[in-house]
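Please treat every number below as a calculation from the coordinates, not as lab data. All values derive from a computational prediction rather than experimental measurement. With ideal geometry, Cβ positions are generated from the backbone for all residues, glycine too; neighbour counts draw on all protein chains shown.
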Amino acid sequence: MANGLNQQKVLDYIKRSGTLIAEAEKRAAAFAEKQASVQSKIEPAVEALIANGRIPEELRAKAAQSCADHAKTLEILASVAAHRSDAELAHLGAPVKTASAKQMNAAFVGADPDDERESDRVLFERFGIR
């Protein structure tokens, strides 16, 4: 009887081991898929950093290597969020729209300039004002 009990324990152990191995294989496949997805996104991210002036071209390889590590990627993200490029700094404080020379002499913004338009001249003539 003891021999049969031991055989049953061995069979149960094998079944559980098989289940654990199958689950581990599923998890390993999901992790490999996720890693492949991450690797495919590294190069476009580095390209965007270079194109937008966040890092110089010389740091391309180092940035790609750093992006493979999650902790270093978060460090890069924090530094990029706090950084302003020269192009952004050039726009700070710059006026969005400037007034034309005619508007500068007007009493208020949007006022018609002092020059009389052709349509105004015709209207005044027909009313006999001029």
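Couplings 3J(HN,Hα) for segment 55-68, derived from phi with the Karplus relation 6.51 cos²θ - 1.76 cosθ + 1.60 (θ = phi - 60°), are 9, x, 4, 5, 9, 4, 5, 5, 5, 5, 5, 5, 5, 6 Hz, where x marks Gly and Pro.
Near Q39, once Lys and Arg are set to +1 and Asp and Glu to -1 for all other residues with Cβ below 14 Å from its Cβ, the sum equals -1.
Dividing the convex hull volume of the alpha carbon atoms of segment 47-98 by its residue count gives 81 Å³ per residue.
3J(HN,Hα) along segment 11-25, derived from phi through the Karplus expression 6.51 cos²θ - 1.76 cosθ + 1.60 where θ = phi - 60°, amounts to 5, 4, 5, 5, 4, 5, 5, x, 5, 5, 5, 4, 5, 5, 5 Hz, with x in place of Gly and Pro.
Amide H to amide H, with H built 1.01 Å from N, I55 comes under 5 Å of I50, counting only residues 5 or more places away or on other chains.
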